[in-house]
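The values are calculated or read from the model by the stated rules, or taken from the named source; none is laboratory data. Source: prediction; values computed, not measured. Ligands, DNA and RNA are stripped out before the accessible areas are found, and what is left, the full protein with its side chains, is counted by its heavy atoms. Shrake-Rupley method; radii C 1.70, N 1.55, O 1.52, S 1.80 Å.
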Amino acid sequence: MKAKCWQKGMAGLLAGVMSFGIVSTTVTATAYASSLDATSSWSARENRDSSIEAENRRHERRQREIQERYERERQTERDIKKQRERQAKIDQERREEEARHNQRMEEIRRQQQREDQIRREHDRYERENAHRRHDRDDSEVDKGHSQGEVNTAAIVGAVIGAIIGRATA
């Protein structure tokens, strides 16, 4: 009977191992099948589709943000370019105005030089003529009369002197 006990014990052990193997395989296969079934269900597909849609929306939003940032940068660059053009135009106008001002100042300076030259020539001429007039005026002031008057007076004086000289002699 000993042999039968041993055999019965072994049979029980093998039956337990087999039962454990069958149960574990059944549970594992069922769990695997249910996981496959859950991912392929309509709600899982909807979840998967909605997550894809959400990802697409996020991607599109990101693209819009990038496009908006790019447009803002381009607008900023255009504004900077316009500002530089305006500043260049203002600088050009300022340089032109300075050139016109410098030209006017140069014309005024030349006119003043011409006027100064004319004034110097006039002063020199006046000095020369004043000297000549002064020489003439001194002789006329000393005489007090024209040359014809002086000559006539000299002749009259000589005749009167001759008459008086004869009468007294």
Surface accessible to a 1.4 Å probe, ASP79 within the full protein complex, Å²: 70
Could you derive backbone 3J(HN,Hα) for the stretch 76-83 from the dihedral phi with the Karplus parameters 6.51, -1.76 and 1.60 (θ = phi - 60°), listing whole Hz in sequence and x where the residue is Gly or Pro? 4, 4, 5, 4, 5, 5, 4, 4
